[in-house]
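Visitor: The structure is given below, and queries will be raised subsequently.
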Amino acid sequence: MNKTLRFSLLSMLIMLCSTAFAGSIIFANLNLENGKQYTDPFDGGDFTVTFAGGGNDGKYYDTGSGIRVYGDGTMTITAKSGTLTKVLITYDGANKPTEASVVNTGTYNASTGMWSGDAETIVFTRPSGSGHWRIQAIATGKDAEEPDTPTEGQTPETAITATRALEIINALADGATATGTYYVKGVVTSIKSISSSNAQFYFGETASSTDVLQTYNTKGLENKNITNTGFVKQGDEVVVFGSLQKYKNNSTGDITPEVSNGYVYSVNGVTKDSTPDPEEAITKGKTADSPMTGADALGYINNFSDGFITSKQYYVQGTIGEVTEISTDNGNATFIMSTSGGNLTAFRLKGLENKNITDAEYIESGDEVIVYAKLQKYVKDATTTPELSGGYIYSLNGKTKEDDGGETYTFVGDGSKENPYTVEDVKHMAVPENTNAAEGQEKVWVKGIIAGALNGQGTAYSEESATNIGLGATADDEASATVPVQLPSGNLRAALNVVDNPENKGKEVLVYGYILKYMSKTGMKNTADFILDGDQFTTGINDIKAQTATDDALYNVAGQRINGSYKGIVIRNGKKMVVK
């Protein structure tokens, strides 16, 4: 055979073998559970995709029909063999990357969602800050066809005018949304409302236009929460990014042209908010042991712009001056905390342990409280009210838990490896609603009996879930009585889950992680280590690829000798233990 021809054929074969040719995932078609976090890789044919990060990254939601990625979360796409050369990612509306720099390699077009390059693995990282991505579908190779997108309004430089946007919207059926998203430019004619979460205003071709669009559910500059509610005013020139919608009010039949579910790209040519985030100045009230005073809270709130509310909750200590309302129907209370700087309203807070209030005389004037809530500068009808909202009463006259017949619970353990917390200890711990570790929080050891794997709600046992275990005081505890323990993907999950290791049921285990809200109750997350029947797990082997065991002295996690394929090696009591 001609050497040149032979070389050409060989080159073609190499190219064919080194490229991931096709594959796709449409998350809405996978029968995923709404609100559930998925940390295991999804299989797309010639590729896999894995979501990682905090407690919310990798959760699927019916709203948007996609997997969500929040600040600092990652989406990793890996070719099963060869390399990725073309990947198309489909997002829900404006909940998507706005910059090409979110990926670690190759070239990414943020307008179309198309990535191109030559890599075995690509990692998308969402920037820090509020908001999230909603990934609806991923396609590679031949399945990654360039989407049909409009040629106008796809970049800030080619933004369509408000008049052109109205033409597109008016051509739609009532209630319909145009395909794709657009950058639209115009002049603000009036402000409807601006809060820390969104801006609603009208804009048209000029400041005096009567044919206008409304912005709806619109974030601030850089697609972030709004820290300065005066960042846009009547007469400002704006570029707004979002979906074009012909909104119909089904009750009245009124039609409103909208740019919805997007953000303000620029105001008078400025694309970044230089206003300091007032929450960065908050240094107090981050732990229950060191709460801020009501006067501290007022000082912070007075420096907020109108309507601003913090993204986090803080501990605030004070005395109840007046009880405004106790609603047993809604399970909350509103009261005034009097401080040296003025009044501070605690608005519709839950009771101790974040539970509904059922007693109409739950609190009274003179009670000493610590509340765990967001700080807000609430403004309505030109009246400003400093508020503590979106939280609960952490302690009431020194109590942090509801009455249990006058008995005070004494913790058995202290969270150390030598004296771990018990299952009953964990049940008596109150944790905040957020599911991520607080600043300064430390991991602890908890001891219990593996009673089984739990469903997504932690209310029943599951024979299919390898992502968690339920710890009980005994192996016969009801699922609802167990403490749910998250098992991160990798060797730890492979060694401890009861789907692949049914012999683990009934065994005593010590697990090491954060005490956090998990499955809507107090549980353990970010598990990093465990001791099973006296054998301590050794982490750090997660990146070892599957190999073939040839050494007869290899054992599985149950201590049985094995041969075959395995993912990693763990040393226990001098033996080479493998994770299959």
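Visitor: Quick check on this structure: which one of 264, 232 is open to solvent by less than 20 Å² (accessible area, probe 1.4 Å), part of a loop (DSSP other than H, G, I, E, B) and within 27 Å of residue 158 (Cβ to Cβ)?
Guide: 232
Visitor: Out of (1) open to solvent by less than 80 Å² (accessible area, probe 1.4 Å); (2) at pLDDT below 95, what's the single condition that is false for residue 388?
Guide: Among (1) open to solvent by less than 80 Å² (accessible area, probe 1.4 Å); (2) at pLDDT below 95, the lone unmet condition for residue 388 is (2).
Visitor: What tally of residues in the stretch 185-229 results from selecting those that are open to solvent by less than 30 Å² (accessible area, probe 1.4 Å), over 20 Å from residue 274 (Cβ atoms) and among the hydrophobic types (A, V, I, L, M, F, W, C)?
Guide: Residues flagged as open to solvent by less than 30 Å² (accessible area, probe 1.4 Å), over 20 Å from residue 274 (Cβ atoms) and among the hydrophobic types (A, V, I, L, M, F, W, C) within the stretch 185-229 amount to 4.
Visitor: Just one of (1) open to solvent by 20 Å² or more (accessible area, probe 1.4 Å); (2) in contact with an Asp or Glu (Cβ under 9 Å, 6 or more places away or on another chain); (3) of a type outside the set (S, T, N, Q) trips up residue 73, so point out which.
Guide: Here residue 73 clears every test but (1).
Visitor: Taking only pairs six or more apart or across chains, which ones have beta-carbon atoms under 8 Å, a first residue in the stretch 116-140 that is modelled with pLDDT under 90, and a second residue that is open to solvent by less than 20 Å² (accessible area, probe 1.4 Å) and assigned to a strand (DSSP E or B)?
Guide: Taking only residues 6 or more apart or on different chains, the pairs are 132/69.
Visitor: Would you check if residue 280 is within 29 Å of the chain's Cα centre (by Cα), buried (at least 20 other Cβ atoms within 10 Å of the Cβ) and acidic (Asp, Glu)? Step through it out loud before you land on a result.
Guide: Details: within 29 Å of the chain's Cα centre (by Cα): yes; buried (at least 20 other Cβ atoms within 10 Å of the Cβ): no; acidic (Asp, Glu): yes.
Judged against the criteria, residue 280 is not a match.
Visitor: Oh, and also: Can you name every residue in the stretch 250-261 that is open to solvent by less than 50 Å² (accessible area, probe 1.4 Å) and either at pLDDT 95 or above or over 25 Å from residue 222 (Cα atoms) (or both)? Please lay out each step first, then the result.
Guide: Filtering the stretch 250-261 for residues open to solvent by less than 50 Å² (accessible area, probe 1.4 Å) gives 253, 256-260.
If the condition is that a residue be open to solvent by less than 50 Å² (accessible area, probe 1.4 Å) and either at pLDDT 95 or above or over 25 Å from residue 222 (Cα atoms) (or both), then 253, 256, 257, 258, 259 are the ones that fit.
Visitor: Among the residues of the stretch 206-247 satisfying the criterion of being within 31 Å of the chain's Cα centre (by Cα) and of a type in the set (D, E, K, R), which is nearest to residue 97 (Cα to Cα)?
Guide: Of everything passing the filter in the stretch 206-247, 222 is nearest to residue 97 (Cα to Cα).
Visitor: Follow-up question, since we're still on this one. If you go through the stretch 106-151 one residue at a time, how many are open to solvent by 50 Å² or more (accessible area, probe 1.4 Å), in contact with a strand residue (DSSP E or B) (Cβ under 9 Å, 6 or more places away or on another chain) and in a loop (DSSP other than H, G, I, E, B)?
Guide: Residues that pass the stated criteria total 5.
Visitor: Of the residues in the stretch 182-205, how many are modelled with pLDDT of 90 or more and closer than 27 Å to residue 252 by Cβ?
Guide: Here the count works out to 15.
Visitor: Also: So which of 475, 453 ends up being at pLDDT 85 or above, out of contact with any His (no Cβ under 7 Å at 6 or more places or on another chain) and either open to solvent by less than 30 Å² (accessible area, probe 1.4 Å) or assigned to a helix (DSSP H, G or I) (or both)?
Guide: Numbers: 475 fails: either open to solvent by less than 30 Å² (accessible area, probe 1.4 Å) or assigned to a helix (DSSP H, G or I) (or both).
When all the criteria are applied, what remains is 453.
Visitor: (1) within 30 Å of residue 288 (Cα to Cα); (2) surrounded by fewer than 19 Cβ atoms within 10 Å (Cβ to Cβ); (3) in contact (Cβ under 8 Å) with a residue 40 or more places away in the chain: which one isn't true of residue 506, the others all being true?
Guide: (1)
Visitor: Could we say that residue 101 is part of a loop (DSSP other than H, G, I, E, B), out of contact with any Lys or Arg (no Cβ under 9 Å at 6 or more places or on another chain) and surrounded by fewer than 17 Cβ atoms within 10 Å (Cβ to Cβ) here? Working first, answer last.
Guide: Working: part of a loop (DSSP other than H, G, I, E, B): no; out of contact with any Lys or Arg (no Cβ under 9 Å at 6 or more places or on another chain): yes; surrounded by fewer than 17 Cβ atoms within 10 Å (Cβ to Cβ): yes.
It is false that residue 101 is part of a loop (DSSP other than H, G, I, E, B), out of contact with any Lys or Arg (no Cβ under 9 Å at 6 or more places or on another chain) and surrounded by fewer than 17 Cβ atoms within 10 Å (Cβ to Cβ).
Visitor: Tally the residues that are within 17 Å of residue 509 (Cβ to Cβ) and open to solvent by 40 Å² or more (accessible area, probe 1.4 Å), restricting the search to the stretch 413-426. Break it down stepwise before answering.
Guide: Applying the first criterion (within 17 Å of residue 509 (Cβ to Cβ)) to the stretch 413-426 yields 413, 415-426.
Checking the rest, the ones that are also open to solvent by 40 Å² or more (accessible area, probe 1.4 Å) come to 417-419, 421, 424.
Total meeting the criteria: 5.
Visitor: With respect to residue 275, determine if the residue is closer than 18 Å to residue 337 by Cα and surrounded by fewer than 19 Cβ atoms within 10 Å (Cβ to Cβ).
Guide: Working: closer than 18 Å to residue 337 by Cα: no; surrounded by fewer than 19 Cβ atoms within 10 Å (Cβ to Cβ): yes.
Answer is no for this residue.
Visitor: Tally the residues that are open to solvent by 30 Å² or more (accessible area, probe 1.4 Å) and in contact (Cβ under 8 Å) with a residue 40 or more places away in the chain, restricting the search to the stretch 318-354.
Guide: 14
Visitor: Right, something else. Out of (1) farther than 30 Å from residue 37 by Cβ; (2) in contact (Cβ under 8 Å) with a residue 40 or more places away in the chain; (3) in a loop (DSSP other than H, G, I, E, B), what's the single condition that is false for residue 168?
Guide: (3) is the only condition that residue 168 fails.
The values are calculated or read from the model by the stated rules, or taken from the named source; none is laboratory data. Predicted model, so just to flag it, every value in this text is computed and none were measured. FYI the Cβ positions are ideal-geometry reconstructions off the backbone, even for glycines, and counts take in every protein chain you see. We work out accessible area using only protein heavy atoms, side chains counted, and drop any ligands, DNA or RNA first. Shrake-Rupley method; radii C 1.70, N 1.55, O 1.52, S 1.80 Å.
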